[in-house]
Amino acid sequence: MKCLGISLIFFVLMSFGSEHIYADQESQARMALYKKTAALTNIPWEYLAAVDQYERQVHDDPKEGRVTAIKPEPFFWTGSAGEMPVDFFPNGWGSDGNGDNKAEIENDEDVLWTIGQYIQSYGTTEDDIKIALFNYYKRDLTVQTIMNTAEVFKKFQTVSLTKRDFPVPTEANYSYRSTWGDARGFGGRRIHEGTDIFANYGVPVKSTTYGVIEMKGWNKFGGWRVGIRDIYNIYHYYAHLNGFADNIEVGDVVQPGDVIGSVGASGYGPPGTSGKFPPHLHYGMYQDNGKNEWAFDPYPFLKKWERMVH
Ligand SMILES: [Zn+2]
C-alpha cells in the first residue's frame with residue numbers, strides 16, 4: 001500500500017505540465033508501432049526505429065497527430081509521377097497497414113508497414129537490410145547512420161535515450177571558452193571548428209552521448225582521435241588524445257560517460273608526435289541533414305551538459 005501511495009504521488013507530481021511525460025508517451029506509442037510492424041514483416045524493430053529516428057533529424061517535426069517522421073517519396077509510394085490516387089497503387093510500394101483499405105502516405109501505420117515490406121523484399125539479415133536501405137536512400141552515410149542507430153536501440157531496448165555527459169570529469173581541473181571560428185594558434189590558417197578543453201595529461205575523456213564509434217586512429221593534425229556518431233545524425237570528434245581506452249574499437253556501442261581515451265597533446269606530425277602545444281581535448285560536432293555534413297559550435301552544448309552533471 002505504501003508503495004502504491006508513493007508512486008501515485010510521484011505520478012501526480014510528474015504530470016504537472018512535464019515534457020518528459022509527453023516525450024515518454026510518444027516514445028511508447030512509437031515503440032508499439034515499430035514492434036507491431038516488426039512482428040508482421042520480420043524486420044527487427046530497431047531498424048524501423050532507426051529509419052524513423054534518422055528521418056526525424058532530416059525533416060521538420062512530424063505533423064500534428066503523427067508519431068513517426070518517415071516521409072516516403074511520392075514516386076516510391078505510387079510508382080507514378082502523376083496525381084496521387086486514393087487507395088492502391090499497382091506500381092508503387094504504398095500499402096495499407098491499418099486495415100482501412102486506404103494507403104495513406106501521411107498515416108504512421110501505413111508508412112511503417114510499407115517501409116517494412118519494402119525492406120523485407122530484400123531479406124531480413126543485416127546485409128539484406130543494408131542493401132535495401134542503400135537502394136532507398138542512395139547514400140552511404142545515411143545507411144551507416146541508420147545501422148549505427150539500430151545497434152544503439154538494440155543494445156538499450158528503447159528509443160528514449162536522453163542522458164548526456166560532459167567529456168571530462170567535472171571534478172578535474174579544466175578550462176574552456178567559446179572559441180568558435182577563431183584563428184588557430186597552431187594548424188595554419190584553418191578556422192577553428194570546435195571547442196578546446198584544456199586539462200592535464202591523462203584526464204579521462206568520455207563519450208558525451210549514446211552512439212557508435214565510427215573512427216579511431218591517427219591524423220596529422222588531430223593526432224590520436226576518436227569519432228562517435230550519435231542517434232541524432234551528429235558526429236562527435238575527440239582529438240589530440242594521449243591514448244585510447246583499452247577496450248574501445250570501431251563499431252562499439254557507447255553511452256554517455258564511457259571512457260574512450262585521455263587528454264593529451266598529440267598531433268602535428270607523424271604518428272606519435274606529441275607536445276607541440278599544451279594538452280587539451282579538441283571537441284568538434286558535425287551535423288548531417290541527409291545531404292551535407294557541417295560543423296557547428298559545441299560550446300553551448302558543453303555548457304548545458306556541464307550543468308546537467310553538476
Ligand atoms: Zn581545437
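Read-outs: derived from the displayed coordinates by stated rules, not from any lab. As the structure is a prediction and not an experimental result, all values here were calculated from the model. As a convention, Cβ positions derive from the backbone with ideal geometry for all residues, glycine included, and neighbour counts pool all protein chains shown.
Listed values for the stretch 233-239 are Karplus-derived 3J(HN,Hα) couplings in whole Hz (6.51 cos²θ - 1.76 cosθ + 1.60, θ = phi - 60°), namely 6, 10, 9, 10, 10, 10, 10, and x replaces Gly and Pro. At full extension, Q287 and E249 could sit 11.4 nm farther apart than now, given 0.36 nm per residue minus the alpha carbon distance. Taking the inverse of the mean reciprocal distance over all distinct Cα pairs, the Kirkwood hydrodynamic radius of the stretch 174-309 comes to 14.9 Å.
Between K130 and D182, the simple spin-label model (points 7 angstrom out along Cα→Cβ) gives 4.1 nm. Segment E26..Q144, full-extension length gain: 39.9 nm, with 0.36 nm per residue of separation and the alpha-carbon distance subtracted. For the stretch 304-310, putting each phi into the Karplus relation 6.51 cos²θ - 1.76 cosθ + 1.60 with θ = phi - 60° gives couplings of 5, 5, 4, 5, 4, 8, 6 Hz, in residue order, rounded to whole numbers and with x for Gly and Pro. Rg over Rh for the stretch 95-158 works out to 1.03, using Cα positions for both radii and the Kirkwood form for Rh. FRET efficiency for the pair N200 and A39, taken as 1/(1 + (r/R0)^6) with r the Cβ-Cβ distance and R0 = 45 Å, rounds to 0.30. In angstrom, the C-alpha Rg and Dmax of the stretch 13-156 are 15.5, 53.
Under a 5 Å amide H cut-off, with hydrogens placed 1.01 Å from N, D252 pairs with I213 among residues at least 5 apart or on other chains. With both labels modelled 7 Å from their Cα along Cα-to-Cβ, the T158 to R66 distance reads 2.6 nm.
Is it possible to state the helix-based mean residue ellipticity at 222 nm for the chain, with each DSSP H run of 4+ residues giving -39500 (n - 2.57), the sum divided by total residues, to the nearest 500 deg cm²/dmol? What is it? Theoretical 222 nm ellipticity from helices: -11500 deg cm²/dmol. Each residue, T273 and H59, gets one label point 7 Å from its Cα in the Cβ direction; the gap between the two is 4.7 nm. Stokes-Einstein diffusion for the chain at 10 °C, viscosity 1.306 mPa s, with a Kirkwood radius from C-alpha pairs, works out to 74 µm²/s. The dipole here belongs to the chain: it is taken about the Cα centre, uses +1 on the Cβ of Lys and Arg and -1 on the Cβ of Asp and Glu, and is about 1300 debye. Farthest towards the positive end of the charge dipole of the stretch 13-156, among the residues I105, A132, V58, is the Cα of A132, using unit charges on the Cβ of Lys, Arg, Asp and Glu. Evaluated with a Cβ-only charge set (Lys, Arg +1; Asp, Glu -1), the stretch 174-309 carries a dipole of roughly 440 debye about its Cα centre, given to the nearest 20.
Sorting 137-148, 220-231 by average packing, meaning the other beta carbons within 10 Å per residue, from highest down gives 220-231, 137-148. So what's the net charge close to I213: Lys and Arg +1, Asp and Glu -1, counting the other residues with Cβ under 14 Å from its Cβ? Once all neighbours under 14 Å are counted, the net charge is -2.
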